[in-house]
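Structure first, commentary second.
The values are calculated or read from the model by the stated rules, or taken from the named source; none is laboratory data. Everything quoted here is computed from the prediction, not taken from an experiment. Note: ideal-geometry Cβ built from the backbone for every residue, glycine included; neighbour counts use all protein chains shown. Note: areas computed on protein heavy atoms with side chains; ligands, DNA, RNA excluded. Shrake-Rupley method; radii C 1.70, N 1.55, O 1.52, S 1.80 Å.
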Amino acid sequence: MYAGKARAYTNIALIKYWGKKDEQLILPMNSSLSLTLDAFYTETSVYFGEALTEDTFFLDGKKQDLKQTAKISKFLDLVRQQQNISLFAKVESQNFVPTAAGLASSASGLAALAGACSVALNLHLSKTELSRLARRGSGSACRSIFGGFSEWQKGDSNQNSFAQQIPSNKWEDELAMVFVLVDDGVKDISSRDGMRRTVETSSFYSGWLETIDTDLETAKQAILEKDFIRLGEVTEANGLRMHGTTLAAVPPFTYWSPESLNVMQLVRTARQQGLPCYFTMDAGPNVKILVEKKNVTALTQFLAEHLSEKQLITAYAGPEIALIPLERLEEK
Ligand code: 2P0
């Protein structure tokens, strides 16, 4: 039996990935840039063995149904095909999130699975190769191979679409992200379905693509210069523009809830009161607020005047993926 384990941390995009040009290979329409965070991570173990007769997937100790397992099997098929093996696998994952808040992330999950497979099968993949592999499971997972700031260069083939760390002189250690949990009870549209519908039908999508390179350059320049206001402004503007594309999709949709809008307004008010902070959102109603570490207490105190403290989780910059060798177990 071949066994391996990995721990990967989630990431939140400051410049968003939104749309695929190749669904099969998961090649994105645009490059993106993210911050890896310490507060949410996934640990995954994988065991490939002759004695196994099917793939099984356990999440937080619970055996997952066929639908959940199919996504994992699809990724394992890719690894098996690349390595020319036919062994089934048992996958055990644990999501570490501070509260049961629906923040389980495919980024940390698929990055950890890719890492665990690499360890189990002794693939000795470089970080670039690991990023490329993780991308095939979930696009944003390719950025979770790296700590700190990570840029996924879109590329135009399997070979040249992967993430890499952005030099930052450790500026990320001075930053934080405050998560505001919003429960809206609205039925989810997965990011996969949402981005597909937007690419295929939204008349605003071309506007998204036109502005992305400028946003990326601005963000990278801001990181180099440690210019928080500039990074915050481009983060907020880029997120709003991504969400704008969904309003012109057919049929239109939004990930925002009234509570999300309320939190966005709170962020603007905090700024007017002299507290630099900027929001971003992903494929759900939760709001994430970029803030300097030195201002975390002021921000959370301000937010707690209007929201429940239980809604707030503070995260800091997180590390790269950790690969954890497990001993090669004897077949029983
Ligand atoms: C991002 N999101 O850059 C964007 C912003 C959501 C909004 O990447 O289909 O789970 O597996 O490649 O990576 C979430 O999408 O999608 C995502 P797939 P993924 O973080």
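So which of 20/220; 71/293; 74/310; 20/67; 20/127 end up more than 32 Å apart, counting from Cα to Cα? From the list (20/220; 71/293; 74/310; 20/67; 20/127), the Cα-Cα distance tops 32 Å for 71/293; 74/310. Taking each DSSP H run with n ≥ 4 as -39500 (n - 2.57) and averaging over every residue of the chain yields -12000 deg cm²/dmol at 222 nm. Projecting the Cα atoms of 122, 139, 40 onto the charge dipole of the chain (Cβ charges, centred on the Cα centre) puts 122 farthest toward the positive pole. Summary: within the chain, the longest segment free of GluC sites (Glu not before Pro) located in DSSP loops with at most 11 other C-beta atoms within 10 Å is 55-304. Placing +1 on each Lys and Arg Cβ and -1 on each Asp and Glu Cβ, with no other charges, gives the range 171-316 a dipole about its Cα centre of roughly 180 debye.
Over the chain, what relative contact order in percent results from Cα pairs under 8 Å that are six or more residues apart? Relative contact order here is 26 percent.
Computed in the context of the full set of protein chains, the accessible area of the chain at 1.4 Å probe radius has 49% of its extent on carbon or sulfur. Basic side chains Lys and Arg get +1 at the Cβ, acidic Asp and Glu get -1 at the Cβ, and with that the dipole of the chain about its Cα centre reaches some 280 debye. Computed from Cα atoms, the angle from the helix 127-137 axis to the main principal axis of the chain rounds to 90 degrees.
Would you mind counting up the charge near residue 303? Only other residues with Cβ under 15 Å from its Cβ, with Lys and Arg at +1 and Asp and Glu at -1. Around residue 303, the surrounding residues sum to +1.
Between the residues 279, 269, 253, the greatest Cα displacement towards the positive end of the dipole of the range 225-332, with unit charges on the Cβ of Lys, Arg, Asp and Glu, is found for 269.
Placing +1 on the Cβ of every Lys and Arg and -1 on the Cβ of every Asp and Glu, with no other charges, gives the range 121-176 a dipole of roughly 260 debye about its Cα centre.
Dividing the mean sequence gap of close Cα pairs (under 8 Å, 6+ apart) by how many residues the range 2-170 holds gives a relative contact order of 29 percent.
Remark: the Cα gyration tensor places the range 53-192 in the oblate category, a/c being 1.5 or greater and a/b not exceeding b/c.
Residue 238 sits among other residues whose Cβ lies under 14 Å from its own Cβ, and their net charge, with Lys and Arg +1 and Asp and Glu -1, is -3.
Averaged over its residues, the range 15-120 has an accessible area of 43 Å² per residue, based on protein heavy atoms and a 1.4 Å probe. Taking other residues whose beta carbon is less than 11 angstrom from the beta carbon of residue 291, and scoring Lys, Arg as +1 and Asp, Glu as -1, yields +2.
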